[in-house]
Amino acid sequence: TTFVGANRRALLDSTSQEITVYLRFSRQKALSQEEGQGWGVHFDNPSSGDAFWALFKGTVYSSTSSRENISLSRQLKYLTPATGATVDVVFNPLTGLVSATRTIEITLKSEQSATTFKRTITVNQAGTISVE
């Protein structure tokens with residue numbers, strides 16, 4: 001079980017890094033004013049169905065503004081956003097700033113000590129992205 005646990009923690013790490021890459025990519029698109037718009041990443045934790053995140057253009061997420069949807073691994077789950085909730089990180093064009101600090105938390109799904117193995121991705125108002 002140690003090997004399986006290490007693999008699952010590696011999945012948690014790689015997923016948090018992938019989310020960070022999408023956030024940075026979205027911020028870069030906003031800074032360069034690609035398509036004259038702000039850009040963002042939408043995090044969705046539905047009550048039923050698969051959790052995902054999506055790159056989108058504009059200031060408000062909709063399925064039509066979405067450019068790419070990525071499913072969260074079924075071995076992982078969001079702590080933030082909570083079940084049935086969403087979080088949008090929207091970067092303003094030219095400045096790359098966000099309206100308020102946003103936090104995304106992911107953890108292992110079936111781990112009894114899920115809070116022990118979690119990653120917190122924070123985007124502060126200056127648009128700086130960090131992972132803990």
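Could I have the simple spin-label model distance between residue 116 and residue 131, label points 7 Å from Cα toward Cβ, reported in nm to one decimal?
If labels sit at residue 116 and residue 131, their model points lie 2.2 nm apart.
List, in order, the whole-Hz ³J(HN,Hα) value for each residue of region 49-57 obtained from phi through the Karplus relation with A = 6.51, B = -1.76, C = 1.60 and θ = phi - 60°; use x for Gly and Pro.
Coupling constants for region 49-57: x, 8, 6, 7, 10, 9, 7, 9, 10 Hz.
Go through 21, 89, 131 and list them by solvent-accessible area, largest first, probe radius 1.4 Å.
21, 131, 89
What are the residues whose amide H is under 5 Å from the amide H of residue 72, where those residues sit 5 or more places off or on another chain and H is modelled from the backbone?
Amide H neighbours of residue 72, under 5 Å, 5+ apart: 51, 52, 53.
From largest accessible area down, sort 50, 44; use a 1.4 Å probe on the protein chains.
I get 50, 44, largest accessible area first.
Quick one: in region 42-91, what % of C-alpha pairs are over 18 Å apart?
For region 42-91, the fraction of Cα-Cα distances above 18 Å is 25 percent.
Output the relative contact order of the chain, whole-number percent, from Cα pairs under 8 angstrom with separation of 6+ residues.
This gives 25 percent for the chain.
To test your reading of the geometry: what angle, between 0 and 90 degrees and rounded to tens, separates the Cα axis of helix 2-31 from the longest principal axis of the chain?
0
Taking the Cα centre of region 19-132 as the origin and placing charges on Cβ (Lys, Arg +1; Asp, Glu -1), which of 70, 92, 122 is farthest toward the positive end of the dipole?
The residue sitting farthest along the positive end of the dipole is 122.
With mean projected area of the Cα convex hull in nm² in mind, check (1) 7.7; (2) 8.4; (3) 11.8 and report the label derived from this structure.
(1)
Projected onto the charge dipole of region 1-56 (+1 at Lys/Arg Cβ, -1 at Asp/Glu Cβ, origin at the Cα centre), which of 51, 12, 22 gives the Cα projection farthest towards the positive end?
Result: 12, furthest along the dipole toward the positive end.
With +1 on the Cβ of every Lys and Arg and -1 on the Cβ of every Asp and Glu, and nothing else charged, how large is the dipole of the chain about its Cα centre, in debye rounded to the nearest 20?
In total the dipole reaches around 180 debye.
Could you tally up the Lys pairs in the chain with alpha carbons closer than 18 Å? Skip any pair fewer than 8 positions apart unless they're on separate chains.
Total qualifying Lys-Lys pairs in the chain comes to 4.
Assuming R0 = 25 Å, can you tell me the calculated FRET efficiency for the pair residue 94 and residue 64, based on Cβ-Cβ distance, to the nearest 0.05?
0.55
The values are calculated or read from the model by the stated rules, or taken from the named source; none is laboratory data. All values reported here derive from a predicted model rather than from experimental measurement. When we count neighbours, we look across all protein chains shown, and the Cβ atoms used for this are built from the backbone with ideal geometry, even at glycine. Ligands, DNA and RNA are stripped out before the accessible areas are found, and what is left, the full protein with its side chains, is counted by its heavy atoms. Shrake-Rupley method; radii C 1.70, N 1.55, O 1.52, S 1.80 Å.
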